[in-house]
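What follows is one structure encoded as structure tokens, with my remarks underneath.
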Amino acid sequence: KRSKFQCNPHEAQKHLTATGTFRLLYRGIPIDCLTASTDLEEQMWRRAKRLRLFRRPAMFPSPEDLLLLKLLVGRPKDLLDAEGILTRHRGRVDLDYLKGTAQRMADELQDSGIWQRLQQLLHVKSS
């Protein structure tokens, strides 16, 4: 039986080596896949939820971890996604985990951007 998932193996391997991510297409819908290659990513993997996607088992990050990944990338579209995640999961988001993990990420990357973006997002949502 032919799979409905599409992927250019050469491009996927190249991207995976460079970024730890690759993309699949399912009926034209892009699906971003990540590998756990750092301690923080391993932590996120352990917190992930096992669900079914197109009748196949798949792992999905917790809302907190997806929000952190969006803040890490920091593109305008990712920041809007992060705001939407925070809104959708209002009252159920572990703010202590978010703040602690964002601080660890900022320290490990020696880049305060994720911490600043989280603080700005939390300030905007509390106003």
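Of everything in the stretch 20-40, what is open to solvent by 60 Å² or more (accessible area, probe 1.4 Å) and within 11 Å of the chain's Cα centre (by Cα)? Give them in sequence order.
ASP32, LEU34
Residues being part of a helix (DSSP H, G or I) and open to solvent by less than 40 Å² (accessible area, probe 1.4 Å): count how many of those fall in the stretch 70-89.
Qualifying residue count for the region: 6.
Out of GLN120, GLN110, GLN116, which single residue is closer than 30 Å to GLU11 by Cα and open to solvent by 90 Å² or more (accessible area, probe 1.4 Å)?
Of GLN120, GLN110, GLN116, the one residue that is closer than 30 Å to GLU11 by Cα and open to solvent by 90 Å² or more (accessible area, probe 1.4 Å) is GLN110.
Where the second residue is exposed (fewer than 15 other Cβ atoms within 10 Å of the Cβ) and the first is free of Cβ contacts under 8 Å to residues at least 40 places away in the same chain and lies in the stretch 74-88, which pairs have Cβ atoms under 7 Å and are six or more apart or on separate chains?
Taking only residues 6 or more apart or on different chains, the pairs are LEU86/LYS125.
Condition first: at pLDDT 95 or above, out of contact with any Leu (no Cβ under 7 Å at 6 or more places or on another chain), of a type outside the set (A, V, I, L, M, F, W, C) and closer than 22 Å to ARG46 by Cα. Can you find one or more residues in the stretch 76-84 that meet it?
No, there is no match, as no residue in the stretch 76-84 is at pLDDT 95 or above, out of contact with any Leu (no Cβ under 7 Å at 6 or more places or on another chain), of a type outside the set (A, V, I, L, M, F, W, C) and closer than 22 Å to ARG46 by Cα.
Filter the stretch 93-117 for residues that are basic (Lys, Arg) and at pLDDT 95 or above and give the result.
LYS99, ARG117, listed by residue number.
Name the pairs whose Cβ atoms lie under 6 Å apart, with the first residue in the stretch 98-127 and touching a residue at least 40 places away in the same chain (Cβ under 8 Å) and farther than 16 Å from LEU69 by Cβ, the second open to solvent by less than 80 Å² (accessible area, probe 1.4 Å) and not basic (Lys, Arg), and 6 or more positions between them or separate chains?
LYS125/LEU86
Name every residue in the stretch 49-68 that is surrounded by 13 or more Cβ atoms within 10 Å (Cβ to Cβ) and within 19 Å of ARG90 (Cα to Cα), in order of residue number.
Within the stretch 49-68, PRO61, SER62, PRO63, GLU64, ASP65, LEU66, LEU67, LEU68 meet the criteria.
The values are calculated or read from the model by the stated rules, or taken from the named source; none is laboratory data. Please read all numbers here as calculations on a predicted model, not as lab measurements. Ideal geometry is used to build each Cβ from the backbone, glycine not excepted, and the neighbour counts take in all protein chains shown. The accessibility values were calculated without ligands, DNA or RNA, using every heavy atom of the protein model including side chains. Shrake-Rupley method; radii C 1.70, N 1.55, O 1.52, S 1.80 Å.
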